[in-house]
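Peer 1: Got a structure here, written out as structure tokens. Questions coming.
The values are calculated or read from the model by the stated rules, or taken from the named source; none is laboratory data. Because the structure is a prediction, the values reported are computed rather than measured. With ideal geometry, Cβ positions are generated from the backbone for all residues, glycine too; neighbour counts draw on all protein chains shown.
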Amino acid sequence: MKTRLTTLVMTALLALAAASSAWAISLEDAARQAARQHDAKVLSARTITRNGERVHEIKLLTRNGVVKTVYVPEDS
């Protein structure tokens, strides 16, 4: 279930990132966007290579105390 939620969140962020700009999104902007979308605080943010593509990995702490990891493509 956790993987399913992460996949759903990643898909939503992909769609949002693609719609907002044709340019790469900065790590700071990706973290800010994820925190706002999930009404959460950013615990950590880093850029990694996943499946051959660079993505921003954002770890969030929700108001309910749940830690979520979301992935935002750097190149959108």
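Peer 1: List the pairs whose first member sits in the range 1-13 and is within 14 Å of Arg50 (Cβ to Cβ), whose second member is at pLDDT 70 or above and charged (D, E, K, R), and whose Cβ atoms are under 8 Å apart, counting only residues at least 6 apart or on separate chains?
Peer 2: Thr6/Lys68
Peer 1: Please work out which residue is nearest to the chain's Cα centre (by Cα), limiting yourself to the range 22-71 and to residues that are within 16 Å of Val9 (Cβ to Cβ) and acidic (Asp, Glu).
Peer 2: Glu57
Peer 1: Working only within the range 61-76, note down all residues that are over 17 Å from Ser26 (Cα atoms) and buried (at least 17 other Cβ atoms within 10 Å of the Cβ).
Peer 2: Of everything in the range 61-76, just one residue is over 17 Å from Ser26 (Cα atoms) and buried (at least 17 other Cβ atoms within 10 Å of the Cβ), namely Lys68.
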